[in-house]
Amino acid sequence: MKWLHAEYQLNNPPRRPLWFTPAAFIGRLMMNTSDMTVQHFSLSVPTDKPLNVDLEWLTGPNEDRDMEVTITYLPKMRLFTEKTDAVDVSWLEEITLDEALVILQKELYRFKKVEYHNFTEAYFRGSSEKMPVHTIVLWGVLDDQSC
């Protein structure tokens with residue numbers, strides 16, 4: 001499994017720059033280690049969140065004053081090989097793609113190592129365990145990399 005962050009500058013001078021920053025690229029790369037051939041490759045921008053791309057552009061010469069920003073949804077951006085030999089591979093041990101993603105997210109985002117609950121569940125759990133409840137109010141999600 002691969003996780004990649006990239007930023008693209010789409011305009012070149014004399015035009016003002018436009019920066020296109022997808023939330024992330026997540027994908028899989030499988031190689032035959034004996035002959036180093038690529039057996040499977042896929043890379044795509046995740047579409048499971050309502051916002052997944054950041055756009056920034058200049059409307060004038062001053063970067064501090066003339067910067068415009070928006071965060072939006074990109075329905076599809078994908079790069080892949082047509083070769084599908086990966087399906088025929090017999091593994092001695094494997095985990096699902098979702099399990100691999102959770103492991104990777106816990107490495108990339110430290111807050112994912114903490115167990116979170118909605119307020120009602122946290123309140124009742126805190127009451128039953130006689131523990132205080134710490135509440136954090138966010139305008140968005142912590143793992144949204146589109147901004």
Report summary line: For the stretch 53-129 the chymotrypsin sites (Phe, Trp or Tyr not before Pro) that pass both the DSSP coil test and the at-most-15 other-Cβ-within-10 Å test are TYR73, TRP91, TYR109, TYR116
**Report entry** Rg and Dmax [Cα atoms of the stretch 1-97; Å; Rg one decimal, Dmax integer]
**Finding:** 18.5, 58
Query - Gaussian network model of the chain, Cα within-10 Å springs - most flexible of SER90, SER42, SER127 - result: SER127
Query raised in the report: Between ASN12 and MET77, what FRET efficiency follows from the Cβ-Cβ distance if R0 is 22 Å, with the result rounded to 0.05?
Result: 0.55
**Report entry** Alpha carbon centroid spacing (whole Å) that separates the stretch 44-118 from the stretch 6-32
**Finding:** 12 Å
Requested in this report: Output ³J(HN,Hα) for the stretch 18-30: one whole-Hz value per residue in order, computed from phi by the Karplus curve 6.51 cos²θ - 1.76 cosθ + 1.60 with θ = phi - 60°, and x for Gly and Pro.
Outcome: 10, 9, 10, 10, x, 3, 5, 10, 10, x, 10, 10, 10
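Each value in this text was obtained by applying a stated rule to the coordinates, not by laboratory testing. Quick caveat, the model's predicted, so the values are computed rather than measured. FYI the Cβ positions are ideal-geometry reconstructions off the backbone, even for glycines, and counts take in every protein chain you see.
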